1. In the range 302-336, what residues are over 21 Å from A434 (Cα atoms), of a type in the set (S, T, N, Q) and either open to solvent by 50 Å² or more (accessible area, probe 1.4 Å) or in a helix (DSSP H, G or I) (or both)?
2. What pairs can you find where one residue is in the range 363-388 and assigned to a helix (DSSP H, G or I), the other is open to solvent by 60 Å² or more (accessible area, probe 1.4 Å), and their Cβ atoms are less than 7 Å apart, with a gap of 6+ or different chains?
3. Out of R14, R35, R4, which single residue is modelled with pLDDT of 85 or more, surrounded by fewer than 19 Cβ atoms within 10 Å (Cβ to Cβ) and in a helix (DSSP H, G or I)?
4. So V412 fits all but one of (1) closer than 27 Å to A180 by Cβ; (2) assigned to a helix (DSSP H, G or I); (3) not small (G, A, S); what number is the exception?
5. Check T378, T396 and return the single one that is open to solvent by 60 Å² or more (accessible area, probe 1.4 Å) and of a type in the set (S, T, N, Q).
6. Among the listed residues A476, A452, A434, which satisfies the condition of being hydrophobic (A, V, I, L, M, F, W, C), touching a helix residue (DSSP H, G or I) at 6+ places or on another chain (Cβ under 8 Å), in contact (Cβ under 8 Å) with a residue 12 or more places away in the chain and part of a helix (DSSP H, G or I)?
Amino acid sequence: MAARLQQLSSAVARWHADEVTVGSPLIASEVASMRRTRVFGATGTVLMAIGALGAGARPVVQDPTFGVRLLNLPSRIATVSLTMTTTGAVIMALAWLMLGRFALGPRRMSRAQLDRTVILWALPLLIAPPMYSKDVYSYLAQSQIARNGLDPYVVGPAPGLGLDHVFTLSVPSLWRDTPAPYGPLFLWIGRGISEITGDNIVEAVLLHRLVVLFGVGLIVWATPRLALRCGVAEVSALWLGPCNPLLFMHLVAGIHNEALMLGLMLAGTEFALRGIDAAGPLIPRPLHLPRSRAEWVRWTPMAMLLIGTVLIALSSQVKLPSLLAVGFVAMALACRWGGTVKAFLVAGFSLAAVSVAVMAVVGWVSGLGFGWLFTLGTANVVRSWMSPPTLVALGTGQVGILLGLGDHTTAVLGLTRAIGVTIIAILVTWLLLAVLRGRLNPVGGLGVALGATVLLFPVVQPWYLLWAIIPLATWATRPGFRGTTIVLSLVVGIFGPTANGDRFALFQIIDATLASALIVALLIVITYRRLPWRPAPESAATADEPPPPPVTRPDAYAESP
């Protein structure tokens with residue numbers, strides 16, 4: 001076993017050889033360029049926030065901008081608002097790309113510099129109307145149903161609240177009669193928000209955004225720690241994961257509960273792996289220490305493992321897919337205990353029992369029970385072209401129509417989705433066994449499993465990509481993975497489907513796209529010598545510039561070198 005672990009450590013060291021050394025701090029010219037890039041990205045999010053006043057998912061009633069001359073202007077010029085939103089999104093995405101030079105290069109920005117960038121880019125979006133999605137209004141309606149004493153897993157917004165309720169009016173018509181597909185923890189939090197805000201949409205939306213902000217904070221806390229555990233530079237992982245444009249566009253601006261799910265899952269995984277790292281053998285050996293000290297040494301790792309498992313189980317009470325993390329933590333623990341059948345059974349059943357107990361407590365305390373288990377397929381009514389199984393079924397159905405065989409899309413859809421779920425089960429099982437045998441890092445296995453789940457899921461939304469991107473950012477460092485992630489983030493983030501596309505005519509979308517392209521091109525020309533659009537040449541002046549002193553821990557948040 002020791003020899004196998006040594007071989008695994010050597011393989012991981014070779015795999016992440018380029019990430020073990022964080023690199024030297026940025027030189028003065030690079031710091032100046034990085035600051036300009038940060039401001040450039042913040043300009044983009046400010047434009048997005050302003051454009052959201054006209055192109056965002058504003059409520060049907062209780063719109064605070066209605067009748068206010070300046071704030072109501074964007075809603076009267078919808079094409080201009082759409083242009084501003086699109087231009088801002090492209091600017092922020094380009095700034096993120098340029099920031100990658102300082103996160104992946106030989107000299108990397110400090111953790112504090114990247115943290116400030118994330119905060120600055122997120123601030124304008126925190127006070128903007130919801131964007132790219134109207135899901136938050138479904139959250140409000142379902143939480144209000146729970147507050148009224150009804151079961152949100154049985155009745156939808158229309159039958160539960162009435163068609164004329166202020167929350168129901170803002171819910172998309174597709175979801176007005178469907179029950180809630182979310183876990184009881186999330187609806188319990190939403191019910192608490194409803195108790196505070198009542199029927200006030202603006203206050204409820206802002207409080208839900210605070211919940212998202214808490215989840216993003218957990219993501220930012222856990223990502224660098226998981227990255228260091230996997231031998232990846234923390235700044236590189238933060239840039240690819242929490243600093244990803246998809247997070248700003250869909251979690252912060254779109255107010256999706258994935259932020260809370262991912263935050264609890266990643267934080268729980270970090271705590272659990274800490275406990276596993278410090279755990280001893282399956283049968284503890286006697287410690288020659290004072291009794292109190294020996295008990296502390298034995299119980300501290302198990303307490304960390306318990307806390308981590310509880311956090312992961314809580315994340316599954318927001319959305320169920322995060323429960324996969326419990327399986328990979330259990331396999332990592334069994335591997336730590338020797339990888340035997342006994343270790344597998346003890347670790348698996350122990351963590352499963354803790355998870356089931358947490359679910360039972362949440363369902364009982366919240367009063368919402370386990371009804372959510374029967375509404376998980378609610379979103380399957382959506383035929384998302386981003387889901388390969390769904391796309392294959394839609395294409396096959398169209399071919400059948402062209403050949404005169406009839407429209408068999410629904411039948412084919414059931415077959416392709418079942419095949420996709422079967423492939424997910426087989427692949428996840430193989431990944432779990434690889435972690436059990438010590439051949440795969442549990443964080444990497446979790447990221448790949450979530451990636452396969454997203455890829456083969458019956459319904460895929462743009463923000464679902466973050467399920468896989470953020471965990472994999474802490475483990476995978478191959479240029480192919482990073483390149484694919486960058487392309488997907490840009491294409492899906494800027495051109496992906498949104499809930500507001502039906503509000504604009506085709507000519508408005510075309511006009512806004514052309515205007516945005518022209519504006520961005522002009523900005524590139526104007527800032528070509530000010531921003532790092534191209535790799536900076538190694539001039540003699542730069543080469544002769546004395547290197548900055550190393551950044552010590554007390555000064556880790558120093559902005560200048």
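1. Hits for the range 302-336 are S315, S316.
2. Correct list of pairs: G363/F370; S366/W188; G371/D151; G371/V154; P388/L455.
3. Going through R14, R35, R4 in turn, the sole match is R35.
4. (1)
5. On the way: T378 fails: open to solvent by 60 Å² or more (accessible area, probe 1.4 Å).
Sole residue among the options that is open to solvent by 60 Å² or more (accessible area, probe 1.4 Å) and of a type in the set (S, T, N, Q): T396.
6. Details: A476 fails: part of a helix (DSSP H, G or I); A434 fails: in contact (Cβ under 8 Å) with a residue 12 or more places away in the chain.
Selected residue: A452, the only one of A476, A452, A434 that is hydrophobic (A, V, I, L, M, F, W, C), touching a helix residue (DSSP H, G or I) at 6+ places or on another chain (Cβ under 8 Å), in contact (Cβ under 8 Å) with a residue 12 or more places away in the chain and part of a helix (DSSP H, G or I).
The values are calculated or read from the model by the stated rules, or taken from the named source; none is laboratory data. What you are looking at is a predicted structure, and each value in this text was computed from that prediction instead of being measured. Counting neighbours? That spans all protein chains shown, and the Cβs are built from the backbone with ideal geometry, glycine included. Remember, those area values only see protein heavy atoms, side chains included, never the ligands or the DNA or RNA. Shrake-Rupley method; radii C 1.70, N 1.55, O 1.52, S 1.80 Å.
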